[in-house]
1. Once fully extended, how much extra length lies between Ser36 and Val61, figured as 0.36 nm per residue of separation less the alpha-carbon to alpha-carbon distance?
2. Tell me, what HN-Hα J-couplings in whole Hz come from the Karplus equation 6.51 cos²θ - 1.76 cosθ + 1.60 at θ = phi - 60° for each residue of the stretch 90-98, using x for Gly and Pro?
3. Read phi for every residue in the stretch 33-50 and hand back ³J(HN,Hα) as whole Hz from Karplus 6.51 cos²θ - 1.76 cosθ + 1.60, θ = phi - 60°, with x for Gly and Pro.
4. Heavy atoms only, probe 1.4 Å: what % of the accessible area of the stretch 35-99 goes to carbon and sulfur, would you let me know?
5. Among Ala38, Ile24, Val59, whose Cα sits farthest toward the positive end of the charge dipole of the stretch 15-66 (+1 at Cβ of Lys/Arg, -1 at Cβ of Asp/Glu, about the Cα centre)?
6. Starting from the amide H of Leu33, placed 1.01 Å from N in the peptide plane, find each other amide H under 5 Å away whose residue is 5 or more places distant or on another chain.
7. Between the stretch 62-82 and the stretch 15-50, what's the alpha-carbon centroid distance in Å?
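The values are calculated or read from the model by the stated rules, or taken from the named source; none is laboratory data. These numbers were taken from a predicted model, which means no experiment stands behind them. Because the Cβ atoms are built from the backbone with ideal geometry, glycine has one as well, and the counts that use them run over all protein chains shown. Note: accessible area is taken over every heavy atom of the protein model, side chains too, but ligands, DNA and RNA are not part of it. Shrake-Rupley method; radii C 1.70, N 1.55, O 1.52, S 1.80 Å.
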Amino acid sequence: MATQRPAPPTPDRPGDGHASAARIEAMVRRGALVLSRAQDDPDFPGRRHLRFDQRVSGVRVFGAQLVQQMGEDGATLSVSGTIDERLSLDIRPTLRADQAA
């Protein structure tokens, strides 16, 4: 599966914000994204920034984060950041408990 990043909505592509929001929600439901921080925008009252960390098999991917900017009405205004959906990780231990001790 190729890396796909939700594109920021633009006035000439109506509905992109909704599609980006739906994609983020789906990734959150399956555990691929985890909300790490929500903060109000100090420059634009009513706007919020939601930061999502990418997870693979429950492990945080360093540097892989999406930031979703939400308007007062809850609509997605923009999405920025980078994730890689092709990543996989085998989290099964390779050492027995006595070896790890």
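1. Value of the extension gain: 7.8 nm.
2. 8, 9, 6, x, 9, 10, 6, 4, 5
3. With coefficients 6.51, -1.76 and 1.60, one gets 10, 10, 5, 9, 6, 10, 9, 6, 7, x, 8, 10, x, x, 8, 10, 10, 10 Hz.
4. So the carbon and sulfur contribution to the accessible surface is 51 percent.
5. Val59
6. Val28, Arg55
7. Between the Cα centre of the stretch 62-82 and that of the stretch 15-50, the gap is 5 Å.
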